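Enquirer: Submitted below is the structure of interest, expressed as structure tokens.
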Amino acid sequence: VQGSRQDMVDRLTSGELDLALLAPAPVDDPLLDTAVLSEQEIFLSVPTSHRLADRPSAAIEDLEDEEFVLLETGYGLRTITDELCAAAGFEPKIAFEGQESDTVRGLVAAGLGVALLPRFEPGSPAGVAEVPLVPPVGRTIGLAWRKDVVLPPAVMRFRERVRARQW
């Protein structure tokens, strides 16, 4: 299943899910255990015609007057964006909200706002410039599961295989 970070945490703690990929991780929940899989840098995504598109870097403070395209409340990137803006002394002006990073990125390409997103691989999509943030911002990707539940053997093998992979 796919959903917001909070939805995945709720479904794990209720026992509906055995494992979940979460970002950011780890989770501050006494019922859950988390293994960190990787770190991911967050960039400012802007339309290629945007005033910041050709800059070598940008600060969150540079975005105070911008319209934002954001993931909905409960998603990890939304929490990161809200916290960074609050630390810079402003609330983001929301133009649109979505449920997937690719949708948000497409709305940025259409010129409808800016967003904080991980780098698009293998390179920036048409119409989008990815500008490094100063100071750099990142998020941790992790795998989570309930501590108090004995997982089925297939789930345990999958968990260990994911944890052993070199990300």
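Enquirer: Please list, in chain and number order, the residues 5+ apart from residue 116 or on another chain whose amide H is under 5 Å from its amide H, with Hs placed from the backbone.
Expert: Distant-sequence amide H within range of residue 116: 45.
Enquirer: Show the residues, 5+ positions off or on another chain, whose built amide H is closer than 5 Å to the amide H of residue 134.
Expert: Counting only residues 5 or more places away or on other chains, the set is 58, 59, 60.
Enquirer: Please list 3J(HN,Hα) in residue order for the stretch 155-165, calculated via the Karplus relation 6.51 cos²θ - 1.76 cosθ + 1.60 where θ = phi - 60°; whole Hz, with x for glycine and proline.
Expert: Couplings: 5, 4, 5, 4, 4, 5, 5, 5, 5, 7, 5 Hz.
Enquirer: Next question. How about the stretch 97-160: which GluC sites (Glu not before Pro) there are in a DSSP loop, with at most 13 other Cβ atoms within 10 Å of their Cβ? Spell out each step's value before the answer.
Expert: On the way: sites: 97, 100, 130, 160; in loops: 100.
Those that pass, being in a loop and sparsely packed, are 100.
Enquirer: Same structure again: Please report, as a whole percent, how much of the solvent-accessible surface of the stretch 1-59 comes from carbon and sulfur atoms (probe radius 1.4 Å). Can you show the working numbers first?
Expert: Working: 1390 of 3090 Å².
C and S fraction of accessible area: 45 percent.
Enquirer: What residue among 149, 128, 114 has the largest mean-square fluctuation in a Gaussian network model of the chain, using Cα springs under 10 Å?
Expert: Looking only at 149, 128, 114, the biggest GNM fluctuation is shown by 149.
Enquirer: Using θ = phi - 60° and the Karplus curve 6.51 cos²θ - 1.76 cosθ + 1.60, what whole-Hz ³J(HN,Hα) does each residue of the stretch 132-149 get, with Gly and Pro shown as x?
Expert: Listing the rounded values in order: x, 8, 10, x, x, 10, x, 9, 9, 9, x, 10, 10, 7, 6, 6, 8, 10 Hz.
Enquirer: To the nearest 20 debye, what charge dipole does the chain have about its Cα centre, counting +1 at the Cβ of each Lys and Arg and -1 at the Cβ of each Asp and Glu?
Expert: Dipole size: approximately 780 debye.
Enquirer: Same structure again: Excluding residue 153 itself, what net charge comes from residues whose Cβ is under 14 Å from its Cβ, given Lys and Arg +1 and Asp and Glu -1? Could the numbers behind the result be given before it?
Expert: Details: positive: 157, 159, 161; negative: 18, 160.
Every neighbour counted, the sum reads +1.
Enquirer: Further, regarding this structure: Once the Cβ-Cβ distance between residue 88 and residue 160 is put in as r, and R0 is 35 Å, what FRET efficiency do you end up with, to the nearest 0.05?
Expert: 0.30
Enquirer: What percent of all Cα-Cα pairs in the stretch 41-138 falls into each 10 Å bin, going from 0 up to the bin containing the maximum distance?
Expert: Final binned percentages: 18, 58, 24, 0.
Enquirer: To continue, here is another question. What number comes out for accessible area per residue over the stretch 1-132 if the probe is 1.4 Å? Units Å², please. It would help to have the intermediate numbers written out before the result.
Expert: Values: 6530 Å² over 132 residues.
For the stretch 1-132, the per-residue accessible area is 49 Å².
The values are calculated or read from the model by the stated rules, or taken from the named source; none is laboratory data. Small disclaimer: the values here were computed from a predicted structure and weren't measured. With ideal geometry, Cβ positions are generated from the backbone for all residues, glycine too; neighbour counts draw on all protein chains shown. Only protein heavy atoms, including side chains, enter the accessible area calculation; ligands, DNA and RNA are left aside. Shrake-Rupley method; radii C 1.70, N 1.55, O 1.52, S 1.80 Å.
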